[in-house]
Amino acid sequence: MSTTVYLSNPTITINSVDLQDQCTSATVNYVLEQLETTAFGDTARKFGASTVTSLQNNTVEVELYQSYAATETEATIFSLVGIQTTLVLKPTSAAVSATNPSYTLTGAYLSSHTPINASLGALSTITLTFSGGVLTKAVA
Amino acid sequence: MDYEVTSNRLNGHSRGDIIREADLGDLTTDLVFLVEAGHLSPLKVKKSAKTIDTDAKD
């Protein structure tokens, strides 16, 4: 059995900015909306068909350490709120291949950001959810 | 327009590299966001102080 354990190598770029060393969590949700195609005569619900193409409804959620230093998290993220951007995520920093695919979400929308998320004695983190956009997978 | 990379976070590029917008692939956003965030600095075109005579010499 082969599984994947994430230790230190997953890579993430947001708007072409490498934020790997600020990121602690990343989740890519690849969703095609479920369209019901059940018709008279069917004895069970059916969804989708080879001739039915539904819309993608993707999201990417990332958790980053907050940093207000130049060119760090806050400087990179703040101006992206309310617009579309592109994210690229890979399981490891190695070259893109069939065993290290690259996932690109183009046209993802960032609707909100928490510039200050402060708790006494704790590292500040932010959680971002990018919605929409077209997800493509590359293996070369 | 050319840009100088001014951070070490720009994917595939190092600080000091001179790049063009096309070098960053499909960004979706305008480069102004990378300039505002300090990752890029637009390079100004320097005008030559002297004129250059390009006519062939006799």
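The table for this structure:
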| read-out | value |
| --- | --- |
| Estimated inter-spin distance, A:T99 and A:E33, nm [label 7 Å along Cα→Cβ] | 3.9 nm |
| Most mobile of A:T114, A:T59, A:T73 in a GNM of chain A (Cα contacts under 10 Å) | A:T114 |
| Whichever aspartates and glutamates have a C-alpha closer than 18 Å to that of A:K46, once near sequence neighbours (fewer than 8 apart) are set aside | A:E33, A:E36 |
| Proximal aspartates and glutamates to B:K44, defined as alpha-carbon separation beneath 12 angstrom and excluding residues fewer than eight positions away on the same chain | B:D2, B:E4 |
| Gaussian network model of chain A, springs between alpha carbon atoms under 10 Å - residue of A:S119, A:S50, A:S16 with greatest fluctuation | A:S50 |
| Counted charge near B:V5, where neighbours are those whose Cβ lies closer than 13 Å (Asp, Glu -1; Lys, Arg +1) | -3 |
| More than 24 angstrom apart: percent of Cα pairs within the protein assembly as shown | 52 percent |
| Sequence-separation-based contact order of chain A, relative, with Cα cut under 8 Å and 6+ spacing, percent | 26 percent |
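A short reminder: the numbers here are calculations on the coordinates, not readings from a lab. Quick caveat, the model's predicted, so the values are computed rather than measured. Using ideal geometry, Cβ is built from the backbone for each residue, glycine included, and neighbour counts are taken over all protein chains shown.
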